[in-house]
1. Take the range 158-172 and flag every residue that is surrounded by 15 or more Cβ atoms within 10 Å (Cβ to Cβ) and either polar (S, T, N, Q) or in contact with a strand residue (DSSP E or B) (Cβ under 7 Å, 6 or more places away or on another chain) (or both).
2. Could you please tell me which pairs satisfy a Cβ distance under 7 Å, a separation of 6+ or placement on different chains, a first residue in the range 121-133 that is more than 16 Å from the ligand (Cβ to nearest atom), and a second residue that is outside any helix (DSSP H, G or I)?
3. Looking at Leu206, Leu179, Leu201, which is the one that is at pLDDT 95 or above and surrounded by fewer than 23 Cβ atoms within 10 Å (Cβ to Cβ)?
4. Which residues, counting only those in the range 208-245, are part of a strand (DSSP E or B) and more than 19 Å from Met177 (Cα to Cα)?
5. Counting residues that are of a type in the set (Gly, Ala, Ser) and over 27 Å from Leu99 (Cα atoms), which helices (runs of 4 or more DSSP H) fully inside the range 131-207 reach at least 1?
6. Would you check if there is a residue in the range 89-104 being over 19 Å from Phe138 (Cα atoms), within 13 Å of the ligand (Cβ to nearest atom) and surrounded by fewer than 18 Cβ atoms within 10 Å (Cβ to Cβ)?
7. Step by step: first the residues of the range 105-120, then only those that are free of Cβ contacts under 8 Å to residues at least 24 places away in the same chain and not hydrophobic (A, V, I, L, M, F, W, C), then the one that is surrounded by the fewest Cβ atoms within 10 Å (Cβ to Cβ). Which residue is that?
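The values are calculated or read from the model by the stated rules, or taken from the named source; none is laboratory data. None of these values were measured; they are calculated from a predicted model. Here the Cβ is made from the backbone with ideal geometry for all residues, glycine too, and neighbour counts use every protein chain on show.
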Amino acid sequence: MTARIIDGKAVARKLRAEYGARVEQLASRHGVRPGLAVILVGDNAASRVYVRNKVRACEEIGIRSELIALPADAPEAVLLAEIDRLNADSGTHGILVQLPLPGHIAMRRVLERISVDKDVDGFHLYNVGGLMTGTTVFPPCTPFGVQKLLEHERVEIAGRNVVVVGASNIVGKPTAMMLMQKDATVCICHKLTRDLAQFTLLADILVVAAGVPNLIVPQMVRTGAVVIDVGINRLADGSITGDVDFAGVSRKASLISPVPGGVGPMTVTMLLFNTLRSAERGVGIVDETDGLLAGI
Ligand code: GUN
């Protein structure tokens with residue numbers, strides 16, 4: 001079997017065009033332009049790149065963005081005051097604090113300060129808890145991107161075996177909760193899982209977010225499985241690779257997402273979507289995705 005390769009860039013491009021049209025409609029019909037505030041504390045090189053990509057993506061589809069760069073030694077109180085200001089600003093529909101934060105700042109106190117209705121990263125405890133009950137205001141962007149890719153490729157989720165490798169708060173755990181909400185049978189594996197293959201071989205849909213290059217080899221994958229690689233690993237030669245032996249597993253899976261060009265472009269796309277939805281909700285526009293996670 002040779003897998004069909006998911007073109008995450010193309011899916012992201014298509015969705016961004018749709019979202020851009022909705023942004024312009026909101027501006028022309030309601031006089032509201034969605035706004036995202038991105039806060040960067042310090043000068044972590046990777047964070048700077050991520051933040052630049054987010055701001056640029058906003059510009060591309062007409063979302064107003066505000067970048068707030070604070071020095072690495074900024075007191076926590078200054079950051080909290082910025083968040084308070086943005087919470088109260090009606091032109092700001094989404095607030096994102098880029099992680100990691102410098103060690104002297106309490107990350108949870110910062111994330112919990114963001115208004116739940118502007119928490120477009122989905123990291124506030126209310127939104128994290130909402131994943132358990134299907135009532136989250138904003139799903140976190142990477143798991144939301146994985147779900148959108150599966151939907152776009154018309155992969156059936158209900159009743160399928162999903163195995164998630166990696167139990168992080170940002171990817172593994174929320175992905176598992178979201179797919180369980182869609183009636184999948186879900187298993188979460190992590191770095192202490194013994195005999196990983198015993199679990200991965202059960203997967204109709206295998207989602208890998210462990211941060212270990214070549215962790216998943218063909219013998220660990222069921223013939224015809226759908227394989228979503230969320231890993232981003234930088235090799236010594238500077239190239240980027242995922243967690244899956246792409247060439248080998250492509251000969252066994254039915255559908256596979258590459259790295260780069262798979263889930264990556266979807267993460268920022270879902271951030272744009274969450275910001276757009278926040279602004280649309282502000283003028284009372286309801287969307288079928290508001291009930292996306294709600295099994296109620
Ligand atoms: N750092 C790494 N990934 C993320 C993310 O998705 N959001 C934020 N805010 N920081 C990150």
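1. Arg160, Asn161, Val162, Val163, Val164, Val165, Gly166, Ala167, Ser168, Gly172 - these are the residues of the range 158-172 that are surrounded by 15 or more Cβ atoms within 10 Å (Cβ to Cβ) and either polar (S, T, N, Q) or in contact with a strand residue (DSSP E or B) (Cβ under 7 Å, 6 or more places away or on another chain) (or both).
2. Once the first residue is more than 16 Å from the ligand (Cβ to nearest atom) and sits in the range 121-133, its partners that are outside any helix (DSSP H, G or I) give Gly130/Thr136; Gly130/Val137.
3. From the options Leu206, Leu179, Leu201, the qualifying one is Leu201.
4. Ile216, Asn233, Arg234, Ile240, Thr241, Val244
5. In the range 131-207, the matching helices (runs of 4 or more DSSP H) lie at 196-200.
6. yes
7. Arg108
Per-residue answers, yes or no, for (1) within 16 Å of the ligand (Cβ to nearest atom); (2) under 22 Å from Glu280 (Cα atoms):
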residue	(1), (2)
Ala27	no, yes
Leu36	yes, yes
Ala57	yes, yes
Asp73	no, no
Glu76	no, no
